[in-house]
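Peer 1: Let me give you the structure first, and then I'll get to my questions.
The values are calculated or read from the model by the stated rules, or taken from the named source; none is laboratory data. Remember, predicted model here, so these are calculated numbers, not experimental data. Heads up, the Cβs are rebuilt from the backbone with ideal geometry, glycines too, and the neighbour counts pull from every protein chain shown.
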Amino acid sequence: MPHSKHKIISLAETLASEFDILAHELRVLILAIIAVHGRITWADLKSVLESIVGPVNPNTLAFHVRKLINSKYVEREGGPESVIYKARLPDDIKKKIEPLVREIKSYIKGDC
């Protein structure tokens with residue numbers, strides 16, 4: 001089955017409508033991308049996100065990452081010049097975003 005940006009965005013929109021902290025599809029995508037990678041740098045996160053949705057303002061990305069950190073769904077590690085983000089998901093959220101995580105994994109591998 002082909003994996004497309006459209007399907008990824010559609011899954012993110014569906015999940016965004018179900019959860020308060022994840023009430024924005026960009027935030028859902030950010031969380032899923034971090035979950036796919038386990039640990040990811042700012043630059044890699046921005047690059048993967050933009051490959052799916054197009055250009056993203058760094059301030060917008062920072063706003064949504066900060067919301068995820070404040071909710072404890074994402075953890076920030078490292079210093080100012082070597083920041084790494086790591087997902088810290090409760091089981092219910094993991095289960096809900098699993099279809100999106102699978103789609104993103106396939107998209108990244110080039111199976112689209």
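Peer 1: How do the pairs read when you match residues in region 59-75 that are within 14 Å of residue 24 (Cα to Cα) with residues anywhere that are in a loop (DSSP other than H, G, I, E, B) and at pLDDT 95 or above, using Cβ under 8 Å and keeping only pairs 6 or more apart or on different chains?
Peer 2: Listed by first residue and then by second, the contacts come to nothing, as the list is empty.
Peer 1: Tell me whether region 95-105 contains one or more residues that are within 15 Å of residue 40 (Cα to Cα), basic (Lys, Arg) and surrounded by 15 or more Cβ atoms within 10 Å (Cβ to Cβ). Can you show your working first?
Peer 2: The first filter runs over region 95-105 and keeps only residues within 15 Å of residue 40 (Cα to Cα), leaving 101, 104-105.
From what's left, basic (Lys, Arg): 105.
Okay, now just the ones that are also surrounded by 15 or more Cβ atoms within 10 Å (Cβ to Cβ), so 105.
For region 95-105, residues within 15 Å of residue 40 (Cα to Cα), basic (Lys, Arg) and surrounded by 15 or more Cβ atoms within 10 Å (Cβ to Cβ): present.
Peer 1: Moving to a separate point now. Which members of region 1-46 meet the condition of being at pLDDT 90 or above, over 16 Å from residue 106 (Cα atoms) and of a type outside the set (A, V, I, L, M)?
Peer 2: Once the filter is applied, which keeps residues that are at pLDDT 90 or above, over 16 Å from residue 106 (Cα atoms) and of a type outside the set (A, V, I, L, M), region 1-46 yields 27, 39, 41, 42, 44, 46.
Peer 1: A further question on this structure: Could you give every pair whose Cβ atoms fall below 9 Å, whose first residue belongs to region 25-49 and is farther than 14 Å from residue 89 by Cα and free of Cβ contacts under 8 Å to residues at least 24 places away in the same chain, and whose second residue is small (Gly, Ala, Ser) and outside any helix (DSSP H, G or I), counting only separations of at least 6 or pairs across chains?
Peer 2: 25/17
Peer 1: Would you be able to tell me the number of residues in region 49-107 that are modelled with pLDDT under 90 and either closer than 16 Å to residue 36 by Cβ or acidic (Asp, Glu) (or both)?
Peer 2: The total comes to 5.
Peer 1: Restricting attention to helices (runs of 4 or more DSSP H) lying wholly within region 6-96, give those where 3 or more residues are of a type in the set (Gly, Ala, Ser).
Peer 2: So the answer is 42-53.
Peer 1: Would you confirm, using the coordinates I've provided, whether residue 75 is among the acidic types (Asp, Glu), in contact with a strand residue (DSSP E or B) (Cβ under 7 Å, 6 or more places away or on another chain) and surrounded by fewer than 17 Cβ atoms within 10 Å (Cβ to Cβ)?
Peer 2: The answer is yes for residue 75.
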